[in-house]
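The values are calculated or read from the model by the stated rules, or taken from the named source; none is laboratory data. This is a predicted model, so every value here is computed, not measured. Glycine also receives a Cβ, built like all others from the backbone with ideal geometry; neighbour counts cover every protein chain displayed. These accessible areas exclude ligands, DNA and RNA; they are computed on the full protein's heavy atoms, side chains included. Shrake-Rupley method; radii C 1.70, N 1.55, O 1.52, S 1.80 Å.
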Amino acid sequence: NFKSVKHMHQLITAIFLSLMATSAAAQETLTKRSDFLNAVATNILEIKLLRLQLKVLDNGKITGKAFGHNVTGAWEWTNGFFCRSMTWGDRELANNCQQVARDGKSLIFISDKGTGRSAKFSLRPTTQ
């Protein structure tokens, strides 16, 4: 049923784009590109619940998977923010500049330059 497939896609998209609330208590905001790259360099960003795994590369590319669909994109560090545009399957995710904070072994991305929704990604070491 096309309508059910469409609704399922909308639900998955909503879950993928919905972001978890986080506490600001132990967070360190990353404002330098070098600090951000040190955090992501040898790690995969992961949200297990969403089956989401991303690799943010120092050459400005983003690769990964979410719900079995490929994620690709590009990013740059602009005025202390992680600015990215991505494609998830056949869905374009518009460019968004995000504040990034470190919370232990996690990174928290807060959309709209720190005023929007947030997503907390576990940092999982890559096995190379």
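Data overview
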item	result
Length-normalised contact order for segment 34-100 - Cα pairs under 8 Å, 6+ apart - percent	19
Proximal charge balance of residue 110 [Cβ under 11 Å; K/R count +1, D/E count -1]	+2
Normalised per residue, the volume of the convex hull around the Cα set of segment 28-109 (Å³)	84
Net charge over other residues, Cβ less than 11 angstrom from the Cβ of residue 55 (K, R count +1; D, E count -1)	+1
Protection proxy ranking, peptides 74-86, 96-108, average beta carbon neighbours within 10 Å, highest first	96-108, 74-86
Anchor residue 55: aspartates and glutamates whose Cα lies under 17 Å away (excluding residues fewer than 8 positions away in-chain)	35, 46, 76
Accessible surface, per residue, of segment 70-124 when the full set of protein chains is kept, probe 1.4 Å, Å²	50
